[in-house]
Amino acid sequence: MNSRILSLFAALALLCACERHTEVFFDTPFVRIEDANGMSSMDIDRNLNNLLTDIRIVISASKEYFTEPVTIAYEIIVGDGLQEGVDFKIQSSQRSPLTFSPGTYSLPIRVIWYKSSSYDPSKDHTLTFRLTSSSVPEMLLGLPGPDHKRNEFTFKQL
Amino acid sequence: MKKWISIAACLLAAVSVLVSCEPKQTPDGKCELLSFALTSSLNSALPADITGTIDASAKTVTLVIPTAVTSTAFIPSFTVSDYDVVTIGGKTVTSGETSVTLTDGTQIQLSDEVSALNATYTVVVKANDETAELTAVSFKAADNDLLDEDVVPEAIAPEMIVRVPGTAFQKELKITVEAGFNDVIKVNNTPVESGASLNVDTTFPIDIVVTDEVAGTSVTYVVKVGKILEYVIGKLGTYTEGTIADFTMTLNPTDNLPYFAYTRKVGEEKNNGVSVAKWNGSAFARVGPTGVADASARSASKPQVAFAKDGTLYAKYLGGEVASKPTVKKLDSEWVVVGTTGFTPQNNNTTYFYPFYVHPANGKLSLFWNGNTKSTDSYRTMNLSTWGGETWASSTISGVIPAYGSGTTATSGMYYTSSAVVNDSKVFIASSLNEFGYYVHEVNADGSLTTIVDNYLPDGAPQGLPGNLQMKQGPDGVLYVLAAVRAGDGTMQIFTVDQSNKTLKAYGTGLPVSISSSGGISQDFGFSVNPVDGLVVAAYDSAEGNTVFAYLDDNLQWSSFAVDSLQVGTSGFFVEFDKDGNGYIAYQSADGIELYRVGLEADVLPE
């Protein structure tokens with residue numbers, strides 16, 4: 001009798017195990033900033049002149065969130081060892097904010113680096129691009145997760 | 001009862017008075033459809049709003065509907081002029097509320113409630129092309145002072161490169177863009193109407209995003225603006241071993257590097273020996289042991305090298321071991337005599353260089369020569385010697401060139417010299433014979449000659465001349481010949497070989513040259529053709545005694561390269577291009593062999 005009860009429970013357990021799970025899709029929109037290799041930083045040789053560097057702001061959003069243009073704003077933080085127009089030049093047309101038309105998921109930010117004639121190692125030679133806002137309120141700045149990785153990109157002139 | 005009737009009558013009268021006092025509606029004199037749209041919020045089948053285009057005169061409303069939308073039932077949103085009522089399919093329609101069937105040809109009827117005016121509009125449904133595409137991009141000269149002509153990419157592609165003159169390079173330019181049906185264009189994230197233009201900083205790549213708003217798709221393009229690259233000359237170095245007497249430059253087809261065979265006298269040596277060196281890409285380097293020839297008894301002259309397809313190197317010279325006869329040596333670890341020294345049956349004319357090559361069709365080592373031993377069949381005519389693996393076989397060429405003395409004088413038909421082109425499978429020679437014109441032959445693998453050009457005489461020239469006669473191969477296998485034109489003041493002229501019509505055709509203007517009454521040319525010329533882009537380059541010593549590097553420009557006029565402080569050339573100008581278009585110019589100066597590189601300047605693209 002006990003074995004029959006056990007068999008019945010086992011069969012029920014198997015049937016339960018075969019029940020279809022409800023699929024849950026991850027649909028949180030987010031935006032990140034990175035280079036072509038998915039990195040968050042890049043070293044710049046101060047002896048190179050006219051070096052063109054290219055990073056990208058990439059948005060990940062389902063069609064539900066992307067029926068209207070999405071605007072992403074970022075800030076530029078220039079270290080005290082760098083001077084715009086002297087040490088680098090940012091493509092003016094790609095300055096914040098950037099507007100993504102539906103169907104466009106990636107836009108570049110380009111920086112040309114000039115040979116540094118006066119390099120003071122005691123100063124901050126970093127140039128940081130940090131995401132600050134999105135026109136989609138639900139959109140996360142950086143990768144989903146507690147650390148918000150790739151919410152900023154830093155160049156460092158060495 | 002009467003009382004109630006009286007009250008009702010009073011009320012009726014009052015109402016009548018009130019109604020008669022209501023302001024009368026004034027017709028606006030219009031019956032027009034002012035706007036017509038299908039919004040996605042009211043029409044779930046639509047991925048985006050569709051705004052109808054109204055043609056008031058044609059009385060049409062054009063709706064561009066994505067091909068993916070199969071529904072024909074829509075709730076339109078529209079505006080009309082005052083007091084107009086809209087009817088579609090017999091149904092009175094309220095904007096934003098009434099669902100109607102809209103297909104191509106559906107009629108929208110308007111009637112003015114306060115006048116007799118009415119109008120009928122016809123719906124025109126167009127399918128969207130569903131494609132976001134850039135159709136044209138250009139930098140127009142009319143918009144850009146820095147450009148002399150419009151600049152466009154070769155084709156519309158995800159990444160496009162356009163080239164502008166140096167004056168416009170890395171400058172701000174105005175770009176014009178055009179896109180397809182229903183497409184919206186953004187250049188560097190700025191909206192631009194199709195056909196309109198926008199200033200762009202060409203220091204950076206130019207991003208173009210085209211969006212088909214109806215289909216909701218986008219395509220991205222990048223335009224990079226580079227400079228129209230110009231040829232530049234750079235000195236590689238000067239080479240000598242003792243004192244160099246003469247030399248030739250030949251490209252090794254296996255390593256694409258220039259090799260130099262030269263006669264030289266080192267230290268206390270009495271006679272000129274022979275050595276071979278090469279440019280190894282960064283410096284000159286001796287190839288094989290010095291002293292190819294045994295010059296202990298007499299000097300060697302007319303040094304040349306030839307390469308087999310596998311890169312095996314052969315050197316040839318006149319004199320040395322045997323006076324006035326050729327010797328060929330192969331480079332193993334040492335220079336090894338091929339067959340015997342001085343192998344031709346008669347002495348050679350030592351005035352000119354003659355073709356020395358490995359025939360690509362059968363790998364046989366061969367050389368042309370002009371016999372200089374009187375009373376022999378080979379005397380002053382064209383001879384060919386071929387290495388058969390065991391012995392050298394020599395024969396006199398006849399039938400395809402004039403026989404010696406066959407012209408108006410006893411020395412007519414004397415074989416002057418030839419210049420050879422050796423490509424992957426064939427050998428061609430261009431030749432000059434006394435009192436006759438220029439000849440071009442294909443040298444078959446069996447040593448026979450097939451005539452391509454027979455006795456070509458340039459206009460006004462009494463005969464061809466041997467001085468500086470050279471033949472090279474350009475793009476698409478076209479043969480080019482540099483030959484003297486003894487007419488008027490005298491020129492060195494580039495010709496192309498028209499193999500179909502078996503003639504030479506002048507190519508570009510001639511270079512001035514001094515030709516003496518006897519036909520002698522005191523200046524030395526070298527030339528070649530870039531096999532990649534067809535650029536013709538010449539190096540020569542001018543009548544004024546200057547060394548000149550020049551090229552035929554787009555108008556086929558000679559232009560000089562700007563080169564600083566060229567050593568004065570004394571003789572032997574050679575120009576060669578490898579298969580990739582890298583060129584070398586070599587000539588002899590008082591210091592030795594001067595070597596220059598000819599190539600396009602470094603490309604700088606915004607990338």
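The values are calculated or read from the model by the stated rules, or taken from the named source; none is laboratory data. Only a predicted model underlies this, so the values are computations on that prediction, with no experimental measurement involved. Using ideal geometry, Cβ is built from the backbone for each residue, glycine included, and neighbour counts are taken over all protein chains shown.
Could we say that residue A:136 is closer than 25 Å to residue B:190 by Cβ, buried (at least 17 other Cβ atoms within 10 Å of the Cβ) and away from chain B (no Cβ under 14 Å) here?
Yes; evaluated as a whole, the condition is true for this residue.
On the basis of being within 14 Å of another protein chain (Cβ to nearest Cβ), farther than 21 Å from residue B:240 by Cβ, surrounded by fewer than 17 Cβ atoms within 10 Å (Cβ to Cβ) and among the hydrophobic types (A, V, I, L, M, F, W, C), does residue B:556 make the cut?
no
Across the stretch A:55-107, what is the number of residues that are of a type in the set (Ser, Thr, Tyr), free of Cβ contacts under 8 Å to residues at least 60 places away in the same chain and either assigned to a strand (DSSP E or B) or more than 11 Å from chain B (Cβ to nearest Cβ) (or both)?
Matching residues across the stretch A:55-107 total 5.
Here's the yes/no breakdown for (1) farther than 16 Å from residue B:52 by Cα; (2) of a type in the set (A, V, I, L, M, F, W, C):
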{"residue": "B:76", "(1), (2)": "no, no"}
{"residue": "B:101", "(1), (2)": "no, no"}
{"residue": "B:108", "(1), (2)": "no, yes"}
{"residue": "B:116", "(1), (2)": "yes, yes"}
{"residue": "B:122", "(1), (2)": "no, no"}
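So is residue B:574 within 23 Å of residue B:351 (Cβ to Cβ) and either in contact with a helix residue (DSSP H, G or I) (Cβ under 9 Å, 6 or more places away or on another chain) or in contact (Cβ under 8 Å) with a residue 60 or more places away in the chain (or both) or not?
yes
Within the stretch A:29-54, track down each residue that is among the polar types (S, T, N, Q) and either on the phi > 0 side of the Ramachandran plot or away from chain B (no Cβ under 13 Å) (or both).
The answer is A:37, A:40, A:41, A:47, A:50.
Pairs needed: first member in the stretch B:579-607, farther than 28 Å from residue B:166 by Cα and free of Cβ contacts under 8 Å to residues at least 12 places away in the same chain; second member anywhere, among the charged types (D, E, K, R) and part of a loop (DSSP other than H, G, I, E, B); C-beta distance under 6 Å; at least 6 residues apart or different chains.
Pairs found: none.
Which one is farthest from residue B:264 (Cα to Cα), of the residues in the stretch B:562-607 that are of a type in the set (Asp, Glu) and assigned to a loop (DSSP other than H, G, I, E, B)?
The selected residue is B:607.
Can you name every residue in the stretch B:61-85 that is over 51 Å from the mean Cα position of the chain (by Cα), under 17 Å from residue B:105 (Cβ atoms) and in a strand (DSSP E or B)?
Selection gives B:73, B:74.
Just a yes or no: is a residue in the stretch B:213-226 away from chain A (no Cβ under 12 Å), part of a strand (DSSP E or B) and of a type in the set (Lys, Arg)?
The answer is no; no qualifying residue exists.
Within the stretch A:50-73, count every residue that is over 30 Å from residue B:169 (Cβ atoms), at pLDDT 95 or above and not β-branched (Val, Ile, Thr).
Matching residues across the stretch A:50-73 total 1.
Just for strands (runs of 3 or more DSSP E) wholly inside the stretch B:265-315: which have at least 2 residues that are out of contact with any Lys or Arg (no Cβ under 8 Å at 6 or more places or on another chain)?
Fully inside the stretch B:265-315 and qualifying: B:273-279, B:300-307.
Check residue B:167 against each of (1) more than 59 Å from the chain's Cα centre (by Cα); (2) surrounded by fewer than 14 Cβ atoms within 10 Å (Cβ to Cβ); (3) among the β-branched types (Val, Ile, Thr) and name the one condition it does not meet.
Just one mismatch for residue B:167, condition (1).
Which residue out of B:563, B:568, B:548, B:537 is at pLDDT 95 or above and in the same structural domain as residue B:421 (by TED's automatic domain parsing)?
Among B:563, B:568, B:548, B:537, only B:537 is at pLDDT 95 or above and in the same structural domain as residue B:421 (by TED's automatic domain parsing).
For the stretch B:196-210, which positions are among the small types (Gly, Ala, Ser) and closer than 15 Å to residue B:151 by Cα?
Hit for the stretch B:196-210 is B:197, nothing else.
Quick check on my filter: what residues within the stretch A:82-124 are at pLDDT 90 or above, among the small types (Gly, Ala, Ser) and more than 19 Å from the chain's Cα centre (by Cα)?
Listed by number, the residues that qualify are A:85, A:122.
Can you go through A:122, A:133 and tell me which one is out of contact with any helix residue (DSSP H, G or I) (no Cβ under 8 Å at 6 or more places or on another chain) and part of a loop (DSSP other than H, G, I, E, B)?
One residue alone meets the criteria, A:122.
Could you identify the single residue in B:138, B:115 that is surrounded by 15 or more Cβ atoms within 10 Å (Cβ to Cβ) and either free of Cβ contacts under 8 Å to residues at least 12 places away in the same chain or in the same structural domain as residue B:216 (by TED's automatic domain parsing) (or both)?
One residue alone meets the criteria, B:138.
Identify all residues within the stretch B:171-212 that are facing chain A (nearest Cβ under 9 Å), touching a residue at least 40 places away in the same chain (Cβ under 8 Å) and either surrounded by fewer than 20 Cβ atoms within 10 Å (Cβ to Cβ) or not in a loop (DSSP other than H, G, I, E, B) (or both); write none if there are none.
Correct list: B:203, B:211, B:212.
Residue A:146: within 14 Å of another protein chain (Cβ to nearest Cβ) and more than 22 Å from residue B:224 (Cα to Cα), yes or no?
Spelling it out, it is not the case that residue A:146 is within 14 Å of another protein chain (Cβ to nearest Cβ) and more than 22 Å from residue B:224 (Cα to Cα).
Name, by its number, the condition in (1) out of contact with any Gly (no Cβ under 8 Å at 6 or more places or on another chain); (2) buried (at least 21 other Cβ atoms within 10 Å of the Cβ); (3) at pLDDT 95 or above that does not hold for residue B:263.
The one condition residue B:263 does not meet is (1).
Only one residue in A:156, A:115, A:149 is touching a residue at least 60 places away in the same chain (Cβ under 8 Å), surrounded by fewer than 18 Cβ atoms within 10 Å (Cβ to Cβ) and either of a type in the set (Gly, Ala, Ser) or more than 28 Å from residue A:50 (Cβ to Cβ) (or both). Which one?
On inspection, the qualifying residue turns out to be A:149.
Quick one: residue B:557 ticks every box in (1) touching a residue at least 40 places away in the same chain (Cβ under 8 Å); (2) within 27 Å of residue B:250 (Cβ to Cβ); (3) of a type in the set (S, T, N, Q) except a single one, so which number is it?
In the conditions (1) touching a residue at least 40 places away in the same chain (Cβ under 8 Å); (2) within 27 Å of residue B:250 (Cβ to Cβ); (3) of a type in the set (S, T, N, Q), residue B:557 misses (2) alone.
What about residue B:37, is it modelled with pLDDT of 90 or more and either among the hydrophobic types (A, V, I, L, M, F, W, C) or under 28 Å from residue B:117 (Cβ atoms) (or both)?
yes
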